[in-house]
């Protein structure tokens, strides 16, 4: 029974060491990231919001068209 308990402890220790290693590697990788400056960030955010709005409008118009089409097909 003592062997099982030591195996459990070693499993927890191994898992804990793996988590610590993961966060150390994440920290190293985040130092390599080239962060955008303020103007790039604002431009990129505006671009994403614009495209989300355009795609939303396309979906909305398509939904209205299919709604009208389904009314025509199913009412006759």
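The values are calculated or read from the model by the stated rules, or taken from the named source; none is laboratory data. Everything quoted here is computed from the prediction, not taken from an experiment. Heads up, the Cβs are rebuilt from the backbone with ideal geometry, glycines too, and the neighbour counts pull from every protein chain shown.
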Open item on the list: Can you say whether residue 41 is assigned to a helix (DSSP H, G or I), surrounded by 10 or more Cβ atoms within 10 Å (Cβ to Cβ) and at pLDDT below 95, as far as the supplied structure shows?
Closed with: no
Task: Output for the stretch 24-36, where each listed residue is within 19 Å of the chain's Cα centre (by Cα) and in a helix (DSSP H, G or I) - done: 26, 29, 30
Task: Flag for residue 11 being in a helix (DSSP H, G or I), out of contact with any helix residue (DSSP H, G or I) (no Cβ under 7 Å at 6 or more places or on another chain) and either loosely packed, with under 10 Cβ neighbours inside 10 Å or at pLDDT 90 or above (or both) - done: no
Task: residue 48 being in a helix (DSSP H, G or I) and either in contact with a strand residue (DSSP E or B) (Cβ under 7 Å, 6 or more places away or on another chain) or at pLDDT 95 or above (or both) - done: yes
